[in-house]
1. Angle, helix 29-42 long axis vs. longest principal axis of the chain, Cα atoms, 0 to 90°, nearest 10?
2. If you take the alpha carbon radius of gyration of segment 76-161 and divide it by 2.2 N^0.38 Å, what ratio comes out, to two decimals?
3. Where only protein heavy atoms count, and the probe is 1.4 Å, what is the accessible area per residue for segment 26-161 in Å²?
4. Less than 19 Å apart at the alpha-carbon level, and either on another chain or at least 8 residues along: which aspartates and glutamates does that give for LYS76?
5. Given SER21, SER138, CYS159, which one lies farthest toward the positive end of the charge dipole of the chain, if we put +1 on the Cβ of every Lys and Arg and -1 on the Cβ of every Asp and Glu?
6. Can you give me the relative contact order of the chain as a percent, contacts being Cα pairs under 8 Å and 6 or more apart?
7. Among 81-87, 122-128, how do they line up by average Cβ neighbours within 10 Å per residue, starting with the highest?
8. With the full set of protein chains in place, find how many percent of the accessible area of segment 1-100 is carbon and sulfur; take the probe as 1.4 Å.
Amino acid sequence: MNGCHCGSGKEYGECCEPLLSGSEKAKTAEELLRARYSAHVKLEMDFVKDTTHPDQISKYEPSTAENWAEKSEWEKLEILDIEGGGVDDETGNIEFIAHFRQKEKLKTHHEMAHFKRHEGEWFFYDGQGVVPKQVVRSQPKVGRNDLCPCGSGKKYKKCCG
C-alpha cells in the first residue's frame, strides 16, 4: 500500500494506477493532470503521449519528454488553481507546480495547463510557463546607511541589514 505519487492522499491503486493501466478514463481534467504527473514519475511516457490532444500530437516530442522524466527525481505535484475541467465541462485550466530534482538541485516546473475533451475523453491540450509576479514594495527601500526601521538608532547595515 503506497500513497499516490500525485499527492492526492489516495493509494496509488485507487488513484492514478487505473488510469495509467487503461482500465479507467479520467473523469476530470484534474484527474488527468495527476495521472500525467504519475506517468512521469513511473516513466510511463506512452500514457503521456496517448493523453495529448489529437490536434496537438504533432507537437509532442517523445524523446524530449522521456529524457526529462528519466533525468528527474520527482518530489511532488502542487496544484494552485483549477478553472473548469469538471465532469460536465468541455475545457479546463489548471495552474500547477511540479517539484523535482536534477543533479541534486531542486527545480520547479510552473505551468498553466489547458485541457479539452475529445470524443468524450479528457486530453491535455497545451500549456504555458507561468512567470512569477514581480514584487512591488509598498514602502520606500531602506538604504544601507539609513537608520534601521526597527528603531535601534543604528545604521541599517550594522543592524538588521
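The values are calculated or read from the model by the stated rules, or taken from the named source; none is laboratory data. Nothing here was measured: the structure is a model prediction, and the numbers come from that model. Here the Cβ positions follow ideal geometry from the backbone for every residue, glycine too, while neighbour counts run over all protein chains shown. To get the accessible areas, we keep the full protein, side chains included, count just its heavy atoms, and leave off ligands, DNA and RNA. Shrake-Rupley method; radii C 1.70, N 1.55, O 1.52, S 1.80 Å.
1. Between helix and principal axis, roughly 90 degrees.
2. On the way: Rg = 22.2 Å, N = 86, 2.2 N^0.38 = 12.0 Å.
Rg over 2.2 N^0.38 Å, computed on Cα atoms: 1.85.
3. 67
4. GLU11, GLU14, GLU17, GLU30, GLU31, GLU44, GLU66, GLU95, GLU104, GLU111
5. Value computed over the given set: CYS159.
6. 16
7. On the way: 81-87: 13.9, 122-128: 18.4.
The most tightly packed comes first, giving 122-128, 81-87.
8. 43
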